[in-house]
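What follows is a set of notes on a single structure, which appears directly below.
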Amino acid sequence: MSVTIKDVARMANVSVASVSRALNGHGGVTAETQQRIREVAARLRYVPHSAARSLITRRTHTIGALLPDLHGAFFSELIRGIDLAARARGLHLLVSSSHGDAEEAATALRAMQGRVDGLLVMSPHADEAFIEQNMPTPTPAVLINTHVPGHRHAVVDIDDRGGARAMVQHLVDHGRRRIVFIAGPEANNDVRERENGYREALEANGLGANQLIINGDFSEESGFRAAQAILGMNPRPDAIFAANDMMAIGCLSALAEAGVNVPGDIAVGGFDDIPMARYVSPPLSTVRVRIAELGETAMERLAQMIESGEDMVVPPRHVAGTELVVRASCGGSAPSRRRHAPPTGA
């Protein structure tokens with residue numbers, strides 16, 4: 001038979017109410033009594049009944065996270081950061097993916113209602129109308145790189161535009177003039193901001209007429225295909241800036257297969273600095289996003305909102321800065337890093 005709260009109370013020689021208060025951290029018992037109760041609960045291997053506990057506390061101690069995808073190094077790092085921060089607070093994580101489909105995203109959010117204490121949402125489909133229709137108003141939520149006007153939800157963003165400008169400026173500073181940008185999914189806000197940064201940097205250097213954009217989908221395969229198309233261009237670009245590292249790694253593979261020297265003939269840069277980036281050949285220059293820290297920051301802000309209860313205060317928008325990491329793929333003679341702070345007032 002499973003151990004009940006009454007068993008713990010009898011062994012600790014206290015009331016059931018005292019056990020409940022001690023294990024839920026609600027106070028009302030002395031530190032000595034709380035320690036004794038916890039020791040008895042551990043010895044008996046007592047596990048509180050989550051459903052009953054939720055009825056009492058009105059908390060599920062579960063966080064819902066909706067992401068565009070679960071595949072790839074970026075999302076695994078993001079989930080790791082979220083999960084570490086959640087576990088440090090005794091919270092569990094319920095993760096779902098929209099797989100690039102708006103209806104899937106809506107279904108996932110509706111399925112989480114009533115089952116989670118708060119939501120972390122990263123979705124290209126989450127515009128104002130989508131959020132209004134699918135996210136319950138009372139539920140605390142943090143939008144990760146999901147740009148929606150208003151103040152009902154906290155926002156954690158990446159300085160995508162500034163990071164892209166820094167990469168393009170670095171390539172220009174090292175003599176590159178025909179820089180092609182490989183974009184990602186059309187509906188993705190990260191892609192739009194990184195493309196804007198690419199365009200702004202070229203314009204600032206008098207190279208606006210040289211803008212060249214090829215579509216990708218964030219996968220290695222699309223980067224490989226894009227590089228193959230680039231090799232057939234005349235004149236051939238002397239640099240490739242991919243909107244994420246996975247596409248940049250696909251580019252490196254296609255260029256190596258074609259016998260093209262990187263960075264001698266074509267320099268290559270990416271965005272994100274996933275763990276694999278430093279181990280490809282040549283090591284990939286990229287714009288570092290501290291991905292796990294991004295997830296941790298979002299989780300911390302959500303926890304603050306949940307703990308504030310009915311008097312919930314939405315934290316101000318947080319913009320995570322980026323860092324240019326120069327490696328051999330764009331001609332860096334030695335690894336170097338240059339931090340880029342987010343815009344003032346972010």
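Quick note: the coordinates plus some simple rules give every number you see, no bench work behind them. It should be emphasised that the depicted structure is a prediction, and the values quoted were computed from it without experimental measurement. As a convention, Cβ positions derive from the backbone with ideal geometry for all residues, glycine included, and neighbour counts pool all protein chains shown.
Here r is the Cβ-Cβ distance between Glu128 and Gln304 and R0 is 25 Å; the resulting FRET efficiency, rounded to 0.05, is 0.60.
Length available on full extension from Ala256 to Glu221: 0.36 nm per residue minus the Cα-Cα distance, which gives 11.2 nm. Kirkwood radius and radius of gyration were both taken over the C-alpha atoms of the chain, and their ratio Rg/Rh is 1.10.
Evaluating kT/(6 pi eta Rh) at 10 °C and 1.306 mPa s, with the Kirkwood radius of the range 230-280 over Cα pairs in the Stokes-Einstein relation, gives 142 µm² s⁻¹. Each Cα pair under 8 Å and six or more residues apart adds its separation to the average, and for the chain the resulting relative contact order is 15 percent.
Note on the range 190-325: Cα-only Rg and Dmax are 18.4, 63 Å.
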